[in-house]
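Engineer: Attaching a single structure in structure tokens format; questions to follow.
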Amino acid sequence: MTVAATTELEAINIMLAAIAEAPINSLTGTLPVDAVTARSTLAEFNKEVQSEGWSFNTEIDVTLTRDGSNQISLPANVLRVDANIHQHPTIDPIQRGLKLYDRQNNKFEFEEDLICTVVYLRTFDEITEQARRYINIKAARVFVDRLVGDQGLRTYTQEDEVRARTILTETDYANADHNLLRGDPSLTSIFDTYNPSSALIR
């Protein structure tokens, strides 16, 4: 039997159950206040966890092209950009808002298109089940703390969160193995995240 991945609706209902609130049937229309809070908390930790960079939201060798002003604009869902230093040794591009800025030369203009590793923010329903589980547990634990502050009402503990992160990091590290074979030194900072020993509460 195939078990379906956790949906955003299911994740929010898990959070509502943690404070003994009734589940909701849909994410459309006007939602109860607690459901709105649960949804925003889930989105908060979805972004926080994804900003670390994982195999499911990191793309390698992305060509970022210049516009007519030689500037490079970024999509709204970009969380981090790392230019390949071996292909672009004379610049130091960083993200400023939705544009890249060359910190080494103090300008927004670039002489060439850039080859980069890009970390994107995916929707909750686009990421792996292991990531959904970890984000859901982390969000549910904080949700209870913020709304009721009663440790005895916690559905999940820090130990649950650590276990979920360990499963995520181990699974993600295995999924990323094919990229490690490429031998690109610019990926070192990205793949440091995949070390299962980093399974800590942040």
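Engineer: Where in the stretch 107-122 does the label zone of T65 land, with the point 7 angstrom along Cα→C-beta and an amide N cut-off under 12 Å?
Structural biologist: Only 113-114 fall inside the zone, counting backbone N under 12 Å.
Engineer: With label points built 7 Å along Cα→Cβ from the Cα atoms of N106 and Q158, find their separation and express it in nm.
Structural biologist: The answer from the label model is 4.6 nm.
Engineer: Dipole of the stretch 8-72 (Lys/Arg Cβ +1, Asp/Glu Cβ -1, origin at the Cα centre): which of P23, S69, A43 lies farthest to the positive side?
Structural biologist: Checked the options; the winner is S69.
Engineer: Given a Förster radius of 22 Å and the C-beta distance between K47 and L98 as r, what FRET efficiency does 1/(1 + (r/R0)^6) yield to the nearest 0.05?
Structural biologist: With a Förster radius of 22 Å, E is 0.90.
Engineer: Work out the charge dipole of the stretch 1-141 with +1 on the Cβ of Lys and Arg and -1 on the Cβ of Asp and Glu about the Cα centre, then indicate which of F110, T123, A140 is farthest towards its positive end.
Structural biologist: The residue sitting farthest along the positive end of the dipole is A140.
Engineer: Between E21 and A76, take the C-beta separation as r, use R0 = 41 Å, and let me know the FRET efficiency to the nearest 0.05.
Structural biologist: Calculated value: 0.80.
Engineer: Each residue of the stretch 71-76 in turn: what ³J(HN,Hα) in whole Hz from Karplus with 6.51, -1.76, 1.60 and θ = phi - 60°, glycine and Pro shown as x?
Structural biologist: My calculation for the stretch 71-76 gives 9, 10, 8, 10, x, 5 Hz in order.
Engineer: What are the ³J(HN,Hα) couplings of the stretch 6-14, residue after residue, when phi is run through the Karplus curve with 6.51, -1.76, 1.60 and θ = phi - 60°? Round to Hz, x for glycine and proline.
Structural biologist: Coupling constants for the stretch 6-14: 5, 8, 4, 4, 5, 4, 5, 5, 4 Hz.
Engineer: If you plug each phi of the stretch 157-163 into the Karplus form 6.51 cos²θ - 1.76 cosθ + 1.60 with θ = phi - 60°, what whole-Hz ³J(HN,Hα) values come out, in order, with x for Gly and Pro?
Structural biologist: 10, 4, 5, 4, 5, 4, 4
A short reminder: the numbers here are calculations on the coordinates, not readings from a lab. Remember, predicted model here, so these are calculated numbers, not experimental data. Backbone-built Cβ (ideal geometry, glycine too); neighbour counts: all protein chains shown.
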